[in-house]
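Derivation of every value follows stated rules applied to the coordinates shown; laboratory data play no part. Just so you know, these numbers come straight off a predicted model, no measurement behind them. Positions of Cβ are backbone-derived with ideal geometry, glycine not excepted, and every protein chain shown enters the neighbour counts.
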Amino acid sequence: MPYCQKCGAKLDEGDKFCYACGAPVAKVVKEEFIVSANNLIEKVKELLHEGNVTRIIVKDEQGKNLLEIPATIAVVGVALAPWLAALGVIAALATNCKIVVERRE
């Protein structure tokens, strides 16, 4: 489910404008990567440093969401440490993970 970049309101998939503030909604493109647990943290760090990512979702082999990292966390480097610690725990428990990356065009 997308969120408004200006006010943070939840939006429906087909919305072109935010119902709360009227801001135009950018198109969201999703990419999926399947990585082994050994490469999970490195791949997430790589994606966060790209800068055009709005959200990263880590899923297990069955498709359950394990962790969601919003883009605002990537901007603040100090706040990133707990997310990486959580990724370390996920990497220890899972064998393969799916990373879903949301980018705005």
*Amide H within-cut-off set for residue 67, under 5 Å, with H built and near neighbours excluded*: 58
*Using the count of nearby Cβ atoms within 10 Å as a rough guide to exposure, how do 90, 56 rank from fewest to most?*
90, 56
*asked:* Give the lysines reachable from residue 59 as a straight Cα distance under 21 Å; neighbours fewer than 8 places away on the same chain don't count.
replied: 30, 43, 45, 98
*asked:* Largest first and in whole Å, what are the equivalent-ellipsoid semi-axes of region 3-62 based on the Cα gyration tensor, each being the root of 5 times an eigenvalue?
replied: 29, 13, 9
_Fewest-first ranking of 55, 104, using other Cβ atoms within 10 Å as the exposure measure_ = 104, 55
*Quick one: order 13, 68 by neighbouring beta-carbon count within 10 Å, fewest to most.*
13, 68
